[in-house]
Each structure stands twice: as C-alpha cells, then as structure tokens.
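A.B. asks: A single structure is presented below for examination.
Derivation of every value follows stated rules applied to the coordinates shown; laboratory data play no part. Keep in mind that what you see is a predicted model, and the values were worked out from it rather than measured. Methodologically, a virtual Cβ is constructed for each residue, glycine included, from the backbone with ideal geometry; neighbour enumeration extends over all protein chains shown.
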Amino acid sequence: MNKGFLERVYRTEGAEEMRRLYDDWAESYDADLRAARYATPGRVAQALRSAGADPEKPLLDFGCGTGLSGEALAEAGFTTLDGVDVSDGMLEVARHKGVYRALDTITEDDAMTDRAGAYATVAAIGVIGSGAAPLAVLDRLWALLPSGGRMGFSFNDHTLQDPAYAAHVAALVDSGAAAERFREHGPHVPGEGVGALVVVLEKV
C-alpha cells in the first residue's frame, strides 16, 4: 500500500489540491487499494442489491475514480452505469475498464441538476467524508433521486469520528424524507485496519 498517498488524503484540504492528489495517484491507485484489500465497493454494491435497488435501471456512480466501484457494481448485476469524478487522471483509468455507459469530469460544486430524475440509484462509495467530498454533497446527490430511488454510500472510520455525518443521516430518516434500508459497519481498507459504515436509503 502506498502510505504516502493514503496519508495525504486525510490531511489534504481544498478542491484543487485534492484533484491534483488523485491525478497523481491514478496510475498506482488500483494496485495500492487491492493490495490493502479495499472492501467498500463490493459491500456497497451488494447492499444496494439487498436493499432492492433495480439493477436494470441507470445508476450514477459519484466519485467513481478509477472504476473500482463500477467493477463491483457491474459484478453485482447493475447494467447501466454512469460515472463522474473530479479527477481526469482517475477517469482515464476508468475508461479502460469498459463498465461505464458514460464518464464525465465534474467540479466539486457541480449540483448536477441536469441529471435530476435520470437515475433510480446513486452510489457514493468511499467518497463523502474526511479527505473526500463534504457532507453537503450527500444532499446534492439525494436531490437527484426520484421517489423510490435508492442511495448507497459509506462513511469510513475517520469520517465517523465527526458526529455530524451520522446525525445528518438520522435527520433525513427522522424527517420522513428517507427510509433506511441497510446499515452495517464492516471492513473498508482491512490492510490499514480501517472500517466503514455502509448505508442504503430509499427516498420516500
């Protein structure tokens, strides 16, 4: 595992610096994460299936990176995947995997309102939290879903140290806007001793 990149993730601040980090990491990212037994893509993909997400309907893989998440989603049976990411370097690797219908670069503040209603499912795998997208992104992704749509996401252990993340999810459920269909804490990057909470919400 390339500890240099992993350690930089948790201390990097600012969208431009984060984009450069992932561009620099793109070439070795898959090998590094596989060596560390990166478990979250498979966990979220299976959680979405068990929570009733329709594998035949379009799915948005937000923060798809090099496509490790797309590979896991395709293996779980999802047939129509669109990926978006801030890193051109990561997307260049993802293009060679052949699992996506479309791949697009976005900016960190892109609300993607033109995609509203286009997806029955949204996945944000290892994306929201410390060293990644801010909590506000969860709301932007939630707004894209139609009633009955499902969102699968993860919060790693570093992120869960901030109670705001769990509280935000609880508030969505308590308000009646969301129904929780899956919740499980388990391995994230076992090679580094890091776990993650996987959650699937259905839009009510």
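A.B. asks: Convex hull volume of the Cα atoms in the chain, per residue, in Å³? List each step's numbers first, then the result.
C.D. replies: Values: hull volume 20.8 nm³, N = 204.
Taking the convex hull of the Cα positions in the chain, it is 102 Å³ per residue.
A.B. asks: Now for a separate question. Determine the calculated [θ] at 222 nm for the chain from helices alone, applying -39500 (n - 2.57) to every DSSP H run no shorter than 4 residues and normalising by the residue count; nearest 500 deg cm²/dmol. Can you show the working numbers first?
C.D. replies: On the way: 8 runs with 82 residues, N = 204.
Taking each H run of at least 4 residues, the total per residue is -12000 deg cm²/dmol.
A.B. asks: Could you list D104, D85 so that the one with the fewest beta carbons within 10 Å of its beta carbon is first and the one with the most is last? Before the final figure, lay out each step's value.
C.D. replies: Numbers: D104 14, D85 23.
In increasing order of surrounding Cβ atoms, one gets D104, D85.
A.B. asks: I would also like to ask the following. Residue by residue, what Karplus-based ³J(HN,Hα) values in Hz, rounded to whole numbers, does region 103-118 have, using 6.51, -1.76 and 1.60 with θ = phi - 60° and x for Gly and Pro?
C.D. replies: Those phi angles translate into 9, 9, 7, 10, 8, 4, 9, 5, 7, 6, 4, 5, 9, 4, x, 7 Hz.
A.B. asks: Show me the ranking of peptides 96-103, 20-27 by mean Cβ neighbours inside 10 Å, starting with the highest. Before the final figure, lay out the partial values.
C.D. replies: Details: 96-103: 15.0, 20-27: 17.5.
Listed from highest to lowest mean packing, they are 20-27, 96-103.
A.B. asks: Going by C-beta contacts inside 10 Å, put V194, V199 in order with the fewest on the left. The partial results should precede the final answer.
C.D. replies: Numbers: V194 17, V199 23.
Placing the least packed residue first, the sequence is V194, V199.
A.B. asks: Moving on. Work out from phi, with θ = phi - 60° and the Karplus expression 6.51 cos²θ - 1.76 cosθ + 1.60, the ³J(HN,Hα) of each residue of region 168-183, listed in order in whole Hz, and give x for Gly and Pro.
C.D. replies: Working through the residues one at a time gives 5, 5, 4, 5, 4, 5, 5, 6, x, 6, 9, 10, 7, 9, 7, 7 Hz.
A.B. asks: Continuing with this model, one more query. Listing E56, E71 from the residue with the fewest other Cβ atoms within 10 Å to the one with the most, what is the order?
C.D. replies: Details: E56 10, E71 19.
Ascending Cβ contact count within 10 Å gives the list E56, E71.
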